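Participant: Pasting in a structure now, in structure tokens, and then I'll have a few things to ask.
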Ligand SMILES: [Zn+2]
């Protein structure tokens, strides 16, 4: 029996972060495909994708699933 199909895909996560530059709260998407996420207000980098990981450059307030 093939159990592989019963393994759920990793859940996509959304992170609520706070920009360290201007304090703007923004929800970002933590998918590996994301290249760079910028603050919509001051354009500071909030996160950057490094291969399969997301490198955060801002404070995470909460994780939404
Ligand atoms: Zn900002």
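No lab work stands behind these numbers, since they all come straight from the coordinates. These figures come from a predicted structure and were not determined experimentally. Here the Cβ is made from the backbone with ideal geometry for all residues, glycine too, and neighbour counts use every protein chain on show.
Participant: I want to make sure I understand the PRE zone here: with the label point 7 angstrom from the Cα of residue 61 toward its beta carbon, which residues in region 17-31 have backbone N atoms less than 17 Å away?
Facilitator: 17-30
Participant: Show me 38-51, 15-28 ranked by packing, highest mean number of other Cβ atoms within 10 Å first.
Facilitator: Per-residue mean Cβ counts within 10 Å order the peptides as 15-28, 38-51.
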